[in-house]
Structure formats: C-alpha cells, structure tokens
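Peer 1: One structure, pasted below without further comment.
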Amino acid sequence: MALVQSFSRQIRSTVVLTATAAVVLAMCTAFFVLLFINRGIATERAQLLAGVTAANAPGAISLRDPERGRDLLSAFSTAKSVVGARVLDSSNTVFVEYTKPGHTTDAELFADIKEGVKVGRAPIKHAGESLGTVEVAVDADLLQDVSRFLILATTAVIALVLLGIWLLARPLEKRISKPITALSHFTRRVRDSKDYGLRIPLSPVRELRGLTEDLNEMLGVIERAHSEQAQRSSELSKLAFYDQLTGAANRSLFRDRLSQCVGEYNRSRRPFTLIGIDLDHFKQLNDQHGHAAGDTYLLEVSTRCMAALRPADTFARMGGDEFVVLLPGVDRQSDALTIAQKLATAVREANAKHGQTTQCTASIGVGLFPFDAASPTDLISKVDAAMYRAKSGGRDRVVPVTETVSTPADRPQPNPTDFTRFSG
C-alpha cells in the first residue's frame with residue numbers, strides 16, 4: 001500500500017535534496033580540480049624556488065664559500081612547504097644543503113621518487129659557464145592540506161547555506177501549497193454539506209485559476225443535476241402518494257397514515273377519528289355539465305377541505321366522489337362532528353367555483369377509534385355504513401357511527417391486540 005505524502009513536504013524535500021546534490025557535486029568537482037592543480041603548483045613552486053636560489057648561488061660556488069651558501073639556503077627555513085634544498089658543484093658533489101627540522105636528508109628526497117615530494121632543479125651559471133646545480137624539495141601534501149582546509153571551510157559555508165535553504169523551504173512550501181490546501185478544504189466542505197451552490201474563490205495562482213474555474217463549472221452542473229433529480233423525486237412522490245387531479249392523498253398514502261395512527265395508539269393510547277365523505281348530486285353535475293366541470297369542482301372541494309384541516313390531518317381521495325379524512329388525536333365525538341360540519345360547509349362553498357345550477361352537498365359518516373370499533377377495518381366499514389345512512393336519510397347530513405353520543409370515559413376500551421395485528 002502506497003504511503004500518502006504531503007504535497008508541501010514533497011516540495012520542501014525536493015528543494016533541499018536538489019540543493020544538497022548540487023552542492024555535493026560541486027564539492028567533489030572542486031576537490032579533484034584542486035588536487036590536480038596542487039600537484040602542478042608543487043612542481044612549479046619547487047622549480048621557481050630552485051631558479052631563484054640558482055641565480056644567487058654563483059658567488060658562493062665561485063669563492064668556494066660554504067658559509068655564504070648556507071646563508072642562502074637558510075631562507076627556506078621560513079618556507080613551510082620546503083623540506084630540503086642543496087647546492088651541487090660542477091662535479092655533482094654536495095656543496096651545501098638544508099633539511100627542514102624533523103626530516104632527514106637521503107637520496108630519495110631529491111630523487112623525485114618520494115611520495116608527496118616534488119623536486120625542482122636549476123643550473124648555476126656564470127658568464128655562460130655551468131658552476132653547479134640547485135635542487136629544492138617541496139612537500140606537495142602540505143599544499144594539499146591547505147586545499148583541504150579551503151574545502152572544509154567551503155563545506156562549512158555550504159552547510160550554513162543548506163540550513164538556510166531548509167529554513168526558507170518551510171515558508172516556501174506553505175506559500176506554494178496554501179492554494180491547494182484551501183482547494184482541498186473547500187471540496188471537503190462541499191462533500192460534507194452537499195451544498196452544490198457553493199463556489200470556489202478564484203485562485204491568484206495562474207495554474208490553479210483554470211482548475212478552480214473548471215471545478216466551479218462542475219459544481220454548477222452537479223447543482224443543476226441535483227435540482228432536477230430532487231424535482232423528479234418530488235414528482236414521483238406525488239404520483240405515488242397523491243391524487244393527480246385534486247392533490248389529495250391517494251389510497252396508498254391513506255393506508256400508510258392509518259397504520260401510523262394505529263401504531264401510535266398501540267404505543268401511547270392516542271385515539272384518532274375517521275371521517276368518510278360522499279358527494280351528493282355529483283353524477284348529475286357530470287352528466288349535465290361535463291367532466292371538465294366535475295373535475296373543477298373536485299379540485300375546489302379538495303382545496304377547501306384541506307384548508308379547513310390541520311397540517312397533521314390527512315385528506316384522501318378514495319376514488320370518484322368519495323373522500324376520507326384521518327384526524328390523529330381527536331378523541332371526542334363532539335370535536336369530530338364539529339370538524340365534519342366544517343367539511344360539509346367547504347363542500348357547499350365549492351359550488352361557487354364551477355358556477356353551474358347543480359348544487360353538490362356531502363353525506364358524511366364519523367367514527368372514533370377505538371371507541372366505535374375494535375379494529376381499523378371494522379371502523380372503516382362502520383364509517384362507510386354511517387355515510388350511506390346519511391345519504392339515504394336525505395343527504396347533506398353528518399351521521400356518527402353510533403347515534404347515541406357518549407363521553408370517551410363511558411365507551412368500552414377494545415383489546416389492543418385486536419389492531420396490533422393490522423398495524424404490523
């Protein structure tokens with residue numbers, strides 16, 4: 001499984017590693033270049049010192065004055081890189097010599113074969129005549145030590161530079177990664193809130209500006225698609241649970257709400273009322289004035305009846321000109337009859353909408369659960385019977401399931417298990 005790495009950390013690491021690699025490469029190159037140069041410098045230095053000494057040696061050789069020759073070579077005591085020098089006469093015999101303290105004079109020192117020592121030679125001439133030779137041995141390692149010191153000093157400076165780069169990389173990475181981090185936080189906010197109406201502020205960074213514009217455009221597409229989906233879901237919900245003509249609840253939604261009321265009674269003993277409505281003279285209205293007038297009247301009846309009810313109540317069309325009303329929490333017959341009278345008034349007032357001579361009224365049956373029936377099915381049957389008793393008794397009447405009105409305390413309480421089965 002791949003490790004998740006921080007973009008800002010990658011920036012910092014890349015900057016530091018690149019700088020370090022560049023510095024190390026430069027140091028290695030400088031070291032080898034200095035090593036090569038030092039060897040040439042050691043040889044040139046030895047040759048130069050030998051030439052200078054040879055130019056001052058003719059007097060000591062001509063006069064055969066060793067003391068003067070030793071004074072000439074004593075100047076090398078201050079030269080740290082010179083480990084030995086000697087003056088040879090014309091017979092190649094050592095006339096005078098100098099050896100740096102701590103070193104011993106041997107044949108190898110001036111044979112130019114000793115490791116780390118370079119020997120320079122210059123002839124001693126006077127008036128075109130060769131008087132001898134000067135040999136100077138220079139310690140090349142000493143010059144290399146100086147080079148190493150310079151390299152170490154340079155390394156220390158470079159280390160400080162790298163430290164500065166490391167410290168500067170932190171604010172640099174924050175500055176570079178800040179727009180990306182802000183973009184990440186915004187997308188997470190959209191994901192959590194599901195608010196596709198949000199828009200990302202345009203980034204001042206040129207490369208990210210196009211990305212934010214594209215993301216905003218994508219959010220706009222998602223917002224429109226989400227809105228269309230919500231609208232389609234709402235329309236499907238209406239088709240599934242509401243009557244298309246009147247906007248009232250249909251049979252499916254009514255059965256669901258009735259089950260909820262029964263479940264609520266099983267849990268908290270909360271009664272409810274069921275009202276059945278059958279329109280009077282509606283068939284005559286349809287036959288005389290057409291179905292368009294009938295549809296207009298049904299819509300007006302539904303609108304007025306729903307306006308007379310509470311938001312928690314359910315007004316449902318069961319088909320044709322039959323409606324039912326579910327009133328949760330209404331446990332008094334007097335209250336139920338008052339609401340039924342309001343619905344009857346709403347039905348009469350709806351006649352003004354279609355403007356026809358035929359006047360429709362309502363035959364209404366009213367029943368309370370569990371006082372008037374032991375089960376929801378029984379209650380529906382009794383309310384339906386009461387509704388048709390109202391119609392057969394002269395129409396435009398409200399008839400309760402029981403003609404004898406009594407208080408809730410006087411009514412028998414059914415066994416809850418009788419309607420627990422229905423709610424399940």
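Peer 1: Relative to the present Cα-Cα distance, how much length would full extension add between residue 389 and residue 189 at 0.36 nm per residue of separation?
Peer 2: Taking 0.36 nm per residue and subtracting the Cα distance, the gain is 65.8 nm.
Peer 1: Using the beta-carbon distance between residue 79 and residue 21 and R0 = 25 Å, what value does 1/(1 + (r/R0)^6) give for FRET efficiency, to the nearest 0.05?
Peer 2: 0.05
Peer 1: May I ask which residue of 252, 229, 198 lies farthest towards the positive end of the charge dipole of region 186-325, with charges of +1 (Lys, Arg) and -1 (Asp, Glu) on Cβ and the Cα centre as origin?
Peer 2: Towards the positive end, the residue furthest out is 198.
Peer 1: If region 259-372 were replaced by its equivalent ellipsoid, with semi-axes equal to the square roots of 5 times the Cα gyration tensor eigenvalues, what would those be, largest first, whole Å?
Peer 2: Equivalent-ellipsoid dimensions as semi-axes: 30, 12, 11 Å.
Peer 1: What is region 207-297 by shape, rounded, prolate or oblate, if you read a ≥ b ≥ c off the alpha carbon gyration tensor as root eigenvalues and call it rounded for a/c under 1.5, prolate for a/b larger than b/c, and oblate otherwise?
Peer 2: In terms of gyration-tensor shape, oblate.
Peer 1: On to the next question. So between residue 292 and residue 264, what do we pick up on full extension, going 0.36 nm a residue minus the alpha carbon distance?
Peer 2: Between residue 292 and residue 264, full extension yields an extra 6.0 nm.
Peer 1: Distance between Cα centroids, region 384-402 to region 259-301: provide it in whole Å.
Peer 2: 14
Peer 1: I've got another one for you. Between residue 244 and residue 345, what FRET efficiency comes out of the Förster formula 1/(1 + (r/R0)^6) with R0 = 30 Å and r the beta carbon distance, rounded to 0.05?
Peer 2: E(calc), rounded to 0.05, equals 0.70.
Peer 1: Report, in listed order, any pair from 100/125; 80/118; 283/391 with a Cα-Cα distance greater than 18 Å.
Peer 2: Checking Cα-Cα distances, 100/125 exceed 18 Å.
Peer 1: Still on this structure: Return the FRET efficiency for the residue pair residue 168, residue 211: r is the Cβ-Cβ distance, R0 is 22 Å, and the value is rounded to the nearest 0.05.
Peer 2: 0.25
Peer 1: Additional query: Find which of 284, 266, 298 sits farthest along the positive direction of the dipole of region 254-301, computed with +1 on the beta-carbon of Lys and Arg, -1 on that of Asp and Glu, about the Cα centre.
Peer 2: 266
Peer 1: What distance in nm separates the simple spin-label points at residue 92 and residue 281, each placed 7 Å from Cα in the Cβ direction?
Peer 2: If labels sit at residue 92 and residue 281, their model points lie 15.5 nm apart.
Peer 1: Loop only by DSSP, 16 or fewer other Cβ within 10 Å of the Cβ. Give me the trypsin sites (Lys or Arg not before Pro) in region 253-283 that pass, ordered by residue number.
Peer 2: 269
Values quoted throughout were computed directly from the atomic coordinates according to the rules given, and no laboratory measurement underlies them. Model, not experiment: these values are computed from the prediction. Please note: Cβ atoms are built from the backbone with ideal geometry, for glycine as well, and neighbour counts cover all protein chains shown.
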